[in-house]
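Asker: Input: one structure, supplied below.
The values are calculated or read from the model by the stated rules, or taken from the named source; none is laboratory data. Fair warning: this is a prediction, and the values are worked out from it, not measured in the lab. Cβ atoms come from the backbone with ideal geometry, glycine included; neighbour counts cover every protein chain shown.
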Amino acid sequence: MKLHLLLRLVYRFFRFLTRVSLPVYFRERHVEGLDHFRFDGPAFVAVNHPNTLTDILNTGLQVRQEMFFLANYGLFRTPFTNWLFRTLFCIPVKRREDMRAGEGRSNEAAFEQSYLHLEKNGVLFIAPEGASWMRRYVSPLKSGVARIAFGAEVRNNWGLKLQIVPVGLTYDAPNLFRSRTAVCAGEPLLVADWRAQYEQNPDRAIDNLLDTLHERLVALGLHARDEHGELMLHYVEQLIHHPKRQPWKSAFRLEREKLPGWLDDVALRAQVKTYFDDLKKHRVHDAGIAHADGGQPVWFSVLFLLLGSPVAIPAALFWFLPCFLPWLINRLSGLYIGYSSTIKLLGGIVFFPLAFWGLYRVAAFRLPNPWPWVAVLVAPLAGLFLERYLDLWLTVKQRLSLKNLDQKTVQNLIARRRNLVDRLTAA
């Protein structure tokens, strides 16, 4: 009983860290389907998986129950990690790619643990794609979630009332600090609805359940279909965000609604690609073209940068180390880029509090109370100002790069850009 209480406290501690750190790491975080995150009884929470540990944190923060996690067997190989991950609510699943020569591959133990957990009204997190790849489309799903779900219901004579809650996760730049994310829960699937089909043909029922879940995940996020679709989505986001970035909530919903049509429009895709190919040829950026077409005058932006420098420079000096060190650790780790957000987020949890502690100690050495506390409170506001300041600085830099082009070329690019934006945002 004491161990169970301790584990619950550990879980709540990590949940608190997540609640504090995610709004810092992400510039904007949009959540949809709050009612679908509020469920009772046994359930799978099934997500697409583009961003490793960050996916678990984004999802777990919204689910009120404590979740257990089906995780790949490779994380459990050493005695320490085996103890750590099992203690932290993880169940090892042996994927084919995790196996070494001579190792047997059987997931009977994982299935049994899952059954027992679900029979206690537990919640299991699963990424049915089977692996985490930093891409914005949903891959075909592995059969594990369906086989465990049907197996649990059969064991309980179809009286478990097991649900599968689909959650779509979208990141505009999965590997970058201060990027944007959307966490969208959809209508739960009731596994018992497939009972008649499963009793007639289990394989067909498994396939149909997976197809339905895949359709739900595709509908909840931005499904670019393939690498070419991802490039198109990357281009489109630049076009609709410049010169003034839209709020992520409205931009995400626009992209989700219109993305299938954009991808199906062969002519539009060709024109978008040609436009960006020409930008590359001229060594200019879309933000510079957008700024030249309706953005505030360059002199006004430069004046703002000059007037804001007394605030931006001290803010940059303070925030440099706590932002740079997680980036450096990620760079030195040499891990797959999909782990970048995880490493930076964990690094920030360590270095950001240290930075505030250091600021307080330095201020307290020179200033009487309450000024050290004022410095600590002002630092986050200065960071937000610095973020906008750097955005504007980059835009001005890109705008000034147009000075190497003749006016006819610039006007041609502006006209083409206007046409593309009108087509992309047309009702």
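Asker: Looking at the stretch 63-175, what helices (runs of 4 or more DSSP H) fall wholly within it and have at least 1 residues that are at pLDDT below 80 and among the hydrophobic types (A, V, I, L, M, F, W, C)?
Answerer: Answer list for the stretch 63-175: 79-87.
Asker: Between Leu354, Leu402, which is part of a helix (DSSP H, G or I) and out of contact with any helix residue (DSSP H, G or I) (no Cβ under 6 Å at 6 or more places or on another chain)? It would help to see each step written out before you state the result.
Answerer: Working: Leu402 fails: out of contact with any helix residue (DSSP H, G or I) (no Cβ under 6 Å at 6 or more places or on another chain).
It is Leu354.
Asker: Arg253 - would you say it is of a type in the set (D, E, K, R) and surrounded by fewer than 13 Cβ atoms within 10 Å (Cβ to Cβ)?
Answerer: The answer is no for Arg253.
Asker: Then there's this: Looking only at the stretch 249-271, which residues are aromatic (Phe, Trp, Tyr) and over 15 Å from Leu220 (Cα atoms)?
Answerer: Of everything in the stretch 249-271, just one residue is aromatic (Phe, Trp, Tyr) and over 15 Å from Leu220 (Cα atoms), namely Trp262.
Asker: So, in the stretch 43-84, of the ones that are among the hydroxyl-bearing types (Ser, Thr, Tyr) and out of contact with any Pro (no Cβ under 6 Å at 6 or more places or on another chain), which residue ends up surrounded by the fewest Cβ atoms within 10 Å (Cβ to Cβ)?
Answerer: Per the criteria, the residue is Thr78.
Asker: Then there is this: Residues of the stretch 140-176 being polar (S, T, N, Q) and free of Cβ contacts under 8 Å to residues at least 40 places away in the same chain, which ones?
Answerer: Asn156, Asn157
Asker: Under 30 Å from Met232 (Cβ atoms) and of a type outside the set (Ser, Thr, Tyr): does that describe Arg135? Write out each step before concluding.
Answerer: Numbers: under 30 Å from Met232 (Cβ atoms): yes; of a type outside the set (Ser, Thr, Tyr): yes.
So Arg135 passes the test.
Asker: Right, here's the next one. Yes or no: Ile337 modelled with pLDDT of 95 or more and among the aliphatic types (A, V, I, L, M)? Break it down stepwise before answering.
Answerer: Numbers: modelled with pLDDT of 95 or more: no; among the aliphatic types (A, V, I, L, M): yes.
No, not satisfied.
Asker: Residue by residue through the stretch 173-191, note down the ones that are in contact with a Gly (Cβ under 9 Å, 6 or more places away or on another chain) and farther than 18 Å from Arg216 by Cα. Don't jump to the end; show me each part of the working.
Answerer: Of the stretch 173-191, the ones in contact with a Gly (Cβ under 9 Å, 6 or more places away or on another chain) are 174-175, 177, 182-187.
Result: Pro174, Asn175, Phe177.
Asker: Also: Looking at this structure, is Ser309 in contact with a His (Cβ under 9 Å, 6 or more places away or on another chain), assigned to a helix (DSSP H, G or I) and under 16 Å from Arg388 (Cβ atoms)?
Answerer: Taking the combined requirement at face value, the residue does not satisfy it.
Listed here are the residues, each with its yes/no results for (1) more than 30 Å from Leu420 (Cβ to Cβ); (2) touching a Phe, Trp or Tyr at 6+ places or on another chain (Cβ under 9 Å).
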{"site": "Gly261", "(1), (2)": "no, no"}
{"site": "Leu307", "(1), (2)": "yes, no"}
{"site": "Pro322", "(1), (2)": "yes, yes"}
{"site": "Arg331", "(1), (2)": "yes, no"}
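Asker: While we're on this one: Those residues that are over 19 Å from Glu387 (Cβ atoms), surrounded by fewer than 17 Cβ atoms within 10 Å (Cβ to Cβ) and either free of Cβ contacts under 8 Å to residues at least 24 places away in the same chain or small (Gly, Ala, Ser) (or both), I need them from the stretch 285-306; list them, please.
Answerer: Gly294, Pro297, Trp299, Phe300, Leu303
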